[in-house]
Structure formats: structure tokens, C-alpha cells
Amino acid sequence: MVGAAEEAQLNKLENQVDNGGGGAWEYLCLVRKLKVRRSDKVLKHGLSILNDSKNRPKLGAEEWTLYEQVAIAAMDCQSLDAAKVKLPSF
């Protein structure tokens, strides 16, 4: 269960990200930490990070966690094309 303070923090960060104030990665990490379902927002902001080839490598090992988080959100939203996010080739 999410506490009132955590819910307030999540809502504040979500509002910030939705209004172009940055913090998408922090928002996605908080959603994951609190184990809440905000699939539409996770899909939108997660894809924006994954599609940014300049900043994506900065995620390091967390990049795979983000791929998984976005794929699950896409399935929740019944967006199967987005669920098939192209993985990087090695």
C-alpha cells in the first residue's frame, strides 16, 4: 500500500513530467519502487526515453529494466506494437 506522502510525491512528479518539466526517469523509477500501475504514463514517458538514442545509453544496466517496464505497460494498454519495442542489436 502506498502512503500519503509517497502518493503526493508521485503525483507531484507525474504533474511535472506531464507538463514538460523533466524528471521522466525519476518518475518511472518511483512508479516501479511503489509498485503502482500507471501504464499509460509509463508507456508514454518510457518510450520517450527509449527512443532517445543519445540519452538511452546513460541508463546503463537499468536500460533493460526500462524495456521490461515499458513492454508490460504496453500490454496493459493493449498497445501490442509498442510492446514489441525493438531491442538494440549487439
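The values are calculated or read from the model by the stated rules, or taken from the named source; none is laboratory data. Just so it is clear, the model here is predicted, and its values are computed rather than measured. Positions of Cβ are generated from backbone atoms using ideal geometry, with glycine treated the same way; all protein chains shown enter the neighbour counts.
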Does residue 37 satisfy the condition of being under 18 Å from residue 76 (Cα atoms) and assigned to a loop (DSSP other than H, G, I, E, B)?
-> yes
Quick check, is residue 12 charged (D, E, K, R) and free of Cβ contacts under 8 Å to residues at least 24 places away in the same chain?
-> yes
Might you check whether a residue that is surrounded by 15 or more Cβ atoms within 10 Å (Cβ to Cβ) and polar (S, T, N, Q) occurs anywhere in region 61-68?
-> no
Taking the residues in region 45-66 that are assigned to a loop (DSSP other than H, G, I, E, B) and of a type outside the set (A, V, I, L, M) as candidates, determine which candidate is modelled with the highest pLDDT.
-> 60
Out of 17, 42, 70, which single residue is in contact (Cβ under 8 Å) with a residue 24 or more places away in the chain and in contact with a Phe, Trp or Tyr (Cβ under 6 Å, 6 or more places away or on another chain)?
-> 17
Checked region 73-85 for anything in a helix (DSSP H, G or I) and either touching a residue at least 40 places away in the same chain (Cβ under 8 Å) or surrounded by 15 or more Cβ atoms within 10 Å (Cβ to Cβ) (or both); matches are 73, 74, 76, 82, 83
Filtering region 40-60 down to residues that are of a type in the set (Gly, Ala, Ser) and within 15 Å of residue 74 (Cα to Cα), which residue is surrounded by the most Cβ atoms within 10 Å (Cβ to Cβ)?
-> 46
